[in-house]
Amino acid sequence: MHNKVNNAIDYFWIGFVVYSLIFTLYTTEAVSFTICGSLQIFGLLLMVPSAILLMEWEFESSYLKYTFVIYIFWLFTVIIRGFSFDFKFLKDMLFDVRFGIFLYLVPFILLFPRNLLYYKKAFNVIVIFGIAYIVYDLLFFRDLLSFGDNVRSQGIAEYFSQSLSLPCGLLLLTYIYHSKKRRLLALSVMVITLIIAIFRARRGLAFMSVSILLFSYFIYYNTNKKKTVKFLFSIILIAFMFLLTAKIYSNYRNSFFGYMSERMYQDTRSGVEVYFYHDMNYVDWIFGKGINGQYYCPGIDQDSTTGYRGVIETGYLQIILKGGLISLGLLVIIAIPAIFKGLFYSKNLLSKAAGIWILLFLIDSYPATITTFTMHYLLVWISIGICYSKNIRDMSESTVTSLLYKR
């Protein structure tokens, strides 16, 4: 039985990696949907049956059990409301990680075995995504570093980061369990993400990158017992950031910083939110508009012929648009206790890092929409499972390290 479950975990992650890497490549508009769709179907054929096999209806917390059941039931009502058999709709449901049906199924990963050896496989997947992020950046560096208000380039930067690079932040938060090579890879990926976010003037992405790096540094500072190392590392980090900023400013004062300064004070969100507020009635606010819910917002999407949008860039409002305040409330009452359990009632860094990851999810859900079928969001629910597991929270640091550390 153990081998069967172990193989299912492998097949699930292989399918998920294929599905995610291909979709990320498709967003660049460099490959046709026919090719990408075929490969994504292959990923789904590996992923879906394996996920069904892995689910176990076991909970260590009665509170989580009942709230989770209610939340899953509510997500099911969100899916059936507005569901259509139109070809374009079905295509988006199956192949789009941003709007598809699978983002509503992400919480089911909470039912996967809560086992450190299985979490180790998740860390391996993060490494694969980190390497893929660097490769994709090299392939599309001209698009990523082009100046100006290029919608395609901005989209590439955001899709690459959400799908591939930001999960590396969890490697940094749990750095004591990983080899030096993995730490260097994770740090490099996060720094590159931050630099690209600054170049592309993606304020939300820059905020998320900085918040992950800051929390990672706090963990490093508090867990490293060598005071001299702490002091020298702090000086080096501050000096590096100062020199890097000065260099970038000197080289790109007119082109890059002119654009960044313009974007910094440019309000690109409140107008959209005003349209959103005007379109939503009391029933919509409470229950949401369902999986295909839209709001009237003309003049934003250039290729739109109706003026209606199915997405809003504020993560909390996106949840409300589809599932209402009920959906958001249920998610919050599951997430907040998990944060407290992970941060204050645990004996190892893995649980504390999981609590931080959930906290960052709640913080970052304002500047970005994180509830997507990506590793970034999957890690939120994996972290919730860790934080609600008393067995994992009570493990000693030496036990967790012996099972997770990879030289």
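The values are calculated or read from the model by the stated rules, or taken from the named source; none is laboratory data. No experiment lies behind these values; they were computed from the predicted model shown. Positions of Cβ are generated from backbone atoms using ideal geometry, with glycine treated the same way; all protein chains shown enter the neighbour counts.
Some points to look at:
- Among the residues of the range 42-69, those that are part of a helix (DSSP H, G or I), touching a residue at least 24 places away in the same chain (Cβ under 8 Å) and hydrophobic (A, V, I, L, M, F, W, C) comprise 42, 44, 45, 46, 47, 48, 51, 53, 54, 64, 68.
- Answer residue from the range 189-204, given it is under 18 Å from the mean Cα position of the chain (by Cα) and farther than 15 Å from residue 140 by Cα and is surrounded by the fewest Cβ atoms within 10 Å (Cβ to Cβ) among those: 191
- Residue check for residue 98: of a type outside the set (S, T, N, Q) and farther than 26 Å from residue 166 by Cα: no
- Of the residues 38, 32, 20, the single one that is under 21 Å from the mean Cα position of the chain (by Cα) and of a type in the set (S, T, N, Q) is 20.
- Selection within the range 73-92 - surrounded by fewer than 19 Cβ atoms within 10 Å (Cβ to Cβ) and aliphatic (A, V, I, L, M): 79, 80, 90
- All of (1) of a type outside the set (Asp, Glu); (2) more than 13 Å from residue 166 (Cβ to Cβ); (3) under 12 Å from the mean Cα position of the chain (by Cα) hold for residue 360 with one exception: (2).
- Of the helices (runs of 4 or more DSSP H) contained entirely in the range 319-407, those carrying at least 2 residues that are among the small types (Gly, Ala, Ser) and either in contact with a helix residue (DSSP H, G or I) (Cβ under 6 Å, 6 or more places away or on another chain) or within 13 Å of residue 173 (Cβ to Cβ) (or both) fall at 349-364, 375-388.
- Test for residue 31: is it closer than 30 Å to residue 158 by Cβ and at pLDDT 95 or above: no
- Boolean, residue 207 is surrounded by fewer than 24 Cβ atoms within 10 Å (Cβ to Cβ), touching a Pro at 6+ places or on another chain (Cβ under 8 Å) and either on the phi > 0 side of the Ramachandran plot or in a helix (DSSP H, G or I) (or both): yes
- Some residue of the range 134-152 being under 24 Å from residue 380 (Cβ atoms), touching a Lys or Arg at 6+ places or on another chain (Cβ under 9 Å), in a helix (DSSP H, G or I) and at pLDDT below 90: no
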